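**Student:** Take a look at the following structure, please.
What follows is calculated from the coordinates using simple rules that are stated; it is not laboratory data. Everything numeric in this text was worked out from a predicted model, so none of it was measured. Reconstructed Cβ throughout: ideal geometry from the backbone, glycine too, with neighbour counts over all protein chains shown.
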Amino acid sequence: MSVEPAMANTPAAPTGRRRVVIVGSGFAGISAAKSLADADVDITLVSKTPTFMFAPMLYQVATGIISEGEIAPTIREVLSGQDNVTVVLGEVTDVDVDGRAVIARTEQGESRFEYDDMILAAGAGQSYFGNDHFAEFAPGMKTVEDALYLRSLIFGAFERAEVAAADGRMDDARKALTFVVVGAGPTGLELVGQLAEICHDTLAGQYKHIDTSESRILLVEGMGQVMPPFSEKLGRSAQKQLEDLGVEVRLNTMATDVDADSITLSVKDQPEERIEADVKIWAAGVQVAPIGKVVADKAGAETDRAGRVMVNEDLTVGNHPEIFVVGDMISLKKFPGVAQNAMQSGAHAADAIARRAIGLDTSEPYEYFDKGSFAVIAKGKAVGYLGADKKFEMTHIPAWLMWMGIHLAYLPGLKNRLTTLVAWAGNTVANARNQRVTVPEREQLGK
């Protein structure tokens, strides 16, 4: 692998081999690049960041269990030893569909990367369902920078509560000790579970003027169950496990307003409720990267409300067999926007390109295979299932152990696995959260 500065224009590969441009360095992009390691192609991978982020464990950075380095190794490290890849740091702003070129903004200015085949794997960000102004007061968690900022908000809240309580401002202290998470999918579930552990275990007895166990933690979900993608049985189990930790679960409830001091909740046919809270976290909804609609419009394809591209069954777009869209960016057969689908779709696109490079048929339809899914809540508390039929369901300690085993196996790098395992052991045995360094201002994280 080489990592080189981008030139203003990328000419045809001097090797005469097929030129492949991959946009994005998430699960789908990295899976595609690795799957092409032995193919007769030259790859240019364009990424906004120099790292590959292991997104399923982002919440553990936000809650101080592990450092960002454990889940965000550099792309160079992940693809080390793969000689047919060149990594370029830049943001893709446009695609010349007819001219077969990706246009990106890099340190050298606007750069153009010509391709024979392109894999669009730019991923998705947070969606506020048309209420983008909520983001200022209820941040989401889609990047390492987001997680570090949330860590500052969470642990900073206890410091504000301590100061307020010492001054006798008990209303301010209660507001600082109120945490509201919107969205009861895996991210929301994992965040409130960890917040409960922080309040009841990690910080117990560390403050003079406040009792962190009296913190109020709410999980707000617009649908009728926790973990809507799972069965009702698993949803009920997850809710019970959360309530055992002291979390207030509000189902069939919508967040209708958010400001610096509060969040307003609405239930059908009931008066709105304003809850004063310093920390509000948004874990509901996704919006595909804007480049998805740019490509769809130019290729004659449609997008859904979340910006997902309605791809052909082989993941190509419109009448352009040279363009593949993968991962969170696709709308096909209601396949879920999860890491498994990202990895499998990236590998499928790569396999089609590898076959194309040696003159074989490349029109095989993509089929997602659901191996199972798990969500952890707290120590010994989790839910999940194995198999595409979702019949083998697990809860509590078995599900918790399964979650840890799966994520440890997929985490890239032996060093990262060992360091993470030690951090988990410390948290399990001694309630340790050693990654609690915070930054005072969001601007310091480049937001």
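**Student:** Which one, 309, 152, 368, is farthest towards the positive end of the dipole of the chain when Lys and Arg carry +1 and Asp and Glu -1 on their Cβ?
**Tutor:** 368
**Student:** When the C-alpha atoms of the chain are aligned to their principal axes, what extent does each axis show, in angstrom, from largest down?
**Tutor:** 73, 44, 41
**Student:** Which of the GluC sites (Glu not before Pro) across region 225-333 are loop residues per DSSP, with 14 or fewer other Cβ within 10 Å? List each step's numbers first, then the result.
**Tutor:** Working: sites: 232, 243, 248, 272, 273, 276, 302, 313, 322; in loops: 272, 302, 313.
Passing both the DSSP loop test and the Cβ count: 272, 302, 313.
**Student:** In addition: Give the lysines reachable from residue 371 as a straight Cα distance under 18 Å; neighbours fewer than 8 places away on the same chain don't count.
**Tutor:** Within the straight-line cut-off, residue 371 pairs with 333, 334, 390, 391.
**Student:** Relative contact order of region 106-234, please, whole-number percent, based on alpha carbon pairs below 8 angstrom and at least 6 residues apart.
**Tutor:** Once divided by the residue count of region 106-234, the mean separation gives 20 percent.
**Student:** Below 8 Å between Cα atoms, with a sequence gap of 6+, how large is the relative contact order for region 43-90 in percent? All intermediate terms of the calculation are to be shown ahead of the outcome.
**Tutor:** On the way: 51 pairs, mean separation 29.1, N = 48.
Reported relative contact order: 61 percent.
**Student:** Taking a cut-off of 16 Å between Cα atoms, list the lysines near residue 415, but don't count ones fewer than 8 places away on the same chain.
**Tutor:** Hits, sequence-local ones excluded: zero.
**Student:** Let me know the shape class of region 343-431, please: from the alpha-carbon gyration tensor, a ≥ b ≥ c as square roots of the eigenvalues, rounded when a/c is under 1.5, otherwise prolate if a/b is greater than b/c, or oblate. Spell out each step's value before the answer.
**Tutor:** Values: a/c = 5.65, a/b = 1.85, b/c = 3.06.
Cα axes put region 343-431 in the oblate bin.
**Student:** Once label points are set 7 Å from the Cα along Cα→Cβ at both residue 305 and residue 391, what is their separation, rounded to one decimal in nm?
**Tutor:** With each label point 7 Å from Cα toward Cβ, the separation is 3.4 nm.
**Student:** Between the DSSP loop rule and a limit of at most 11 other Cβ atoms within 10 Å, which trypsin sites (Lys or Arg not before Pro) in region 175-236 are left?
**Tutor:** Values: sites: 175, 208, 216, 233, 236; in loops: 208.
For trypsin sites (Lys or Arg not before Pro) across region 175-236 that sit outside H, G, I, E and B with at most 11 neighbouring Cβ atoms in 10 Å, the list reads 208.
**Student:** Let me ask something else about it. Viscosity 1.306 mPa s, temperature 10 °C: give me the Stokes-Einstein translational D for region 55-102 in µm²/s, with Rh taken as the Kirkwood radius over C-alpha pairs.
**Tutor:** Diffusion coefficient, whole number: 114 µm²/s.
**Student:** Another question, then. Reachable lysines from residue 240, Cα under 16 Å, same-chain residues fewer than 8 places away excluded?
**Tutor:** Correct list for residue 240: 379, 381.
**Student:** Calculate the all-directions average of the projected area of region 266-325's alpha-carbon convex hull, and give it in nm².
**Tutor:** 6.9
**Student:** Mind listing the Cα extents of region 221-373 along all three principal axes, in Å, largest one first?
**Tutor:** The Cα atoms of region 221-373 stretch 63, 33, 27 Å along their principal axes.
**Student:** Okay, next question. List the residues whose amide H sits under 5 Å from the amide H of residue 66, counting only those 5 or more places along or on another chain, with H placed 1.01 Å from N in the peptide plane.
**Tutor:** Answer set, sorted by chain and number: 61.
**Student:** Here is a follow-up. All other residues with a Cβ under 9 Å from the Cβ of residue 379 taken together, and with Lys, Arg as +1 and Asp, Glu as -1, what is their net charge?
**Tutor:** The answer is -1.
**Student:** Sort 141-149, 415-423, 189-197 by the packing proxy (mean of other Cβ within 10 Å over each peptide's residues), most packed first.
**Tutor:** 189-197, 141-149, 415-423
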